[in-house]
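The values are calculated or read from the model by the stated rules, or taken from the named source; none is laboratory data. Only a predicted model underlies this, so the values are computations on that prediction, with no experimental measurement involved. Virtual Cβ from ideal backbone geometry, glycine too; neighbours counted across all protein chains shown.
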Amino acid sequence: MKKHSYSIYRHIVVIVLIPFIILTLLLLGTYEVYRASMFGRSQEEFALQMEQYRLRLEERLNNIRNTAREVGYSEAVQKYFVQMNNAQRADNYIFLRNLFNTFIDATPGVRAIYVVDESGAFLDSGNNLLHYFQRAGVEYDFDGRTEGFFTDILPEGVNESPRYCLYCAPVGVITPISLGQKERFLTCALLVDVPELLAEIAPGEPPVCELLFWQERILASSRALNAGAKSALVAAATAVGGTAPWQIEVAGEPYFFQTAALSTENGLVYAFSMPVNHFMEGTDRLKSFVLVGVGGCVAVVAVLMLLLRRSISRPIAQIAQDMAHITTKQISIGDTNVVELQNLASGVNRMLSRLTESQRQEMENMEKIHQLEMYKMQAEMLALRSQINPHFLFNTLGCVIGMAMHYRVEPLEQIVTALSDSLHYALRAPDEVTLQQEIDHLQDYMRILEIRMPDKYRLVVHAAPETLEKRVLSLLLQPLAENAVQHGFQEYQKRAERTIYLASWIDAADGGLRLRLADNGRGIEADHLAGILEQMNGGEFPAQKRHIALINIARRLRIAYGDQCHMDIRSKPGYYTCVELQFPAEGRFLR
């Protein structure tokens, strides 16, 4: 059955245009809904911002309350009014004024501090504003109060705007002299500059306008206002009720406006205002952008459809032709100008390249396997030959021992026997042996040296009994001792006997096996020792064969135990060299 054929170009046009038209209608239809929701969100954001700034202002009021208590209950003020006579008060007057001014500098909004007791004794910060406190003392009765309070805004002169109020806090006398007597109180009053309370509440935000109202008049504003704006804001503050944001008109511009009574309980009202356009300025631009964008997209889509019709057919035909010739000599697809088709061709070419590379690697691996088989056969032949050579060597050494015994040449018998045991151990010992076997092999080596050079070298062994049956690497101790003989005792000029010390124990901290082999030879210079340690930690053997035993042992330990082993060399030139090994006591190799 013949399948229905269709045009890719027409399908692409339909697939692109239908969603585009639907999307355009949705954008235009939801714009007004979005604008309405943005207005509601703007009100919420405005209310949150207003609450944030109101809390900052309340925090300043709380700081004023706390400052009044700190001043009144300070040790200097308590002593001044209770424990000092007139002479002492005169001596401390300047100090207390400086103390008051320190509190004033640290508390925004405070201009002066006054403290008075029930007898009329008086102390102030000396800011030439005493008449405000005196005026408040006439209007308010400070005696008998137990809670702090803010006074009403204090009146000013005829041509001056009112700006000050007092916060008065009763302070109990708590000095020891008052015990057993009638409870006494001080009154600590702070003169508050109301407009200064708004300073830096909303720094760096020009659209914000903060105001403080008292008895339907503006006491303070964070921005300069003309007469019309002041009238509109006063009217709004009088008319607005509740705590929800209102929208008002100021000089023909819409503003959000909200008020809140402060905790001063003296009629102060905090008001907050911001332009509505500050929150909605992006909405109108969005409408223009949507309209322009839709028109532009229509034009672009029309042009793209024309270009698509011209450009899509030829690259597809070329790819189909290249795919048909892949099975012959061609192993890649030609490039096109269409990005999607480029990705398709690139993916196919990468697949073909990986297949070709896989075939090449398979051929190389087969060749390597063949070479490994050849190497294995050669290694087996060498192994068979190596079994013959040591056998002949040991037979010959046995013959020499027999002849030495026959002719009663005891030194020759001893040295050949020790040499035979040492060679037998070196050639046929397994990778892992007991520590006792290693010590025996070391003693055979030292016995050969003793026969060759009597009383010249001495071996001292201090091995903990529990370590003798622990498994260690074979050929571990004898190369270290031989290294000490060849290098440590070279040009030896001490009177002391050439001694090699061997100690073994189980580390109580981690349960590892510790081996220490030291000599009293000439030691190793610091720079030379650093070079040895660097070669021990390197990946290749050095070109010069000095200290090859140390490097060989370090590499073998690292291969056998990985990070679980440690080899350390310490030396003091002219005195000693000490090699210390640490590895698992169980002797498990890494496999």
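One table, with the values for the structure above:
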read-out	value
Residue list for segment 424-437, restricted to those being closer than 18 Å to ARG516 by Cβ and either at pLDDT below 90 or in contact with a strand residue (DSSP E or B) (Cβ under 6 Å, 6 or more places away or on another chain) (or both)	LEU435
Test result for VAL33, closer than 30 Å to ASN277 by Cα and among the β-branched types (Val, Ile, Thr)	yes
The listed residue being assigned to a helix (DSSP H, G or I), modelled with pLDDT of 75 or more and of a type in the set (Val, Ile, Thr), out of VAL290, VAL294, VAL300	VAL300
Hey, LEU423 outside the structural domain of ILE532 (by TED's automatic domain parsing) and under 21 Å from LEU550 (Cα atoms) or not	yes
Residue list for segment 268-287, filter: surrounded by 14 or more Cβ atoms within 10 Å (Cβ to Cβ) and part of a helix (DSSP H, G or I)	VAL276, ASN277, HIS278, PHE279, MET280, THR283, LEU286, LYS287
Pairs, first within 17 Å of ALA518 (Cα to Cα) in segment 442-460, second part of a helix (DSSP H, G or I) and not small (Gly, Ala, Ser), C-beta under 6 Å, six or more apart	LEU442/LEU477; LEU442/GLN478; TYR445/GLN478; TYR457/LEU449; LEU459/MET446
Residues (at positive phi and modelled with pLDDT of 75 or more) located in segment 216-246	GLU216
Single residue of LEU61, LEU55, LEU96 found to be under 14 Å from ALA189 (Cα atoms) and among the hydrophobic types (A, V, I, L, M, F, W, C)	LEU61
From ARG60, ARG69, ARG89, residue being in the same structural domain as GLU118 (by TED's automatic domain parsing), closer than 30 Å to VAL115 by Cα, of a type in the set (D, E, K, R) and modelled with pLDDT under 85	ARG89
